[in-house]
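Enquirer: One structure coming up, written as structure tokens, with questions to follow.
Each reported figure results from applying straightforward, stated rules to the coordinates on display, with no laboratory input. All values reported here derive from a predicted model rather than from experimental measurement. Positions of Cβ are generated from backbone atoms using ideal geometry, with glycine treated the same way; all protein chains shown enter the neighbour counts.
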Amino acid sequence: MTTIIEQIRHGIAWSKVDRFQKAYGLKDESVALLLGASNRTLTRHRKKEETLAPVASDRFYRAEGIFDLAARIFETKERAMRWLQRPQPGLAGMIPLDILDTEPGSRLVQRLLTQIEHGVLP
């Protein structure tokens, strides 16, 4: 756990974000939203292979955990992405991907996924 905290504080490497983006087939706009950054900032990070700022690293770590949880529950990354991109009744019709840019939104999505995992459907 300490290692993760240190990584977040020092900045997660762009290469990790790039692998995550490719693994889930995310567009730059979605990654920018998750990180709270502009497309231009993403392009700069990618070109210079910079590390993310601590705040963006924290957002990335949180989003990565939710995506991985969804992939585990829905058994494939493709199914997870379909779920994350569709309005969910358990989120008052909100689209999970659209609310992962905030901590409260992330918590709501994680809570709903945990309920689904345990068979407690909203």
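Enquirer: Between Ser106, Gln21, Leu121, whose Cα lies farthest towards the positive end of the dipole of the chain when Lys and Arg beta carbons carry +1 and Asp and Glu beta carbons carry -1, centred on the Cα centre?
Expert: Gln21
Enquirer: Also: If you wrap a convex hull around the alpha carbons of the chain, what volume per residue comes out, as a whole number of Å³?
Expert: In the chain, the Cα hull volume divided by residue count equals 99 Å³.
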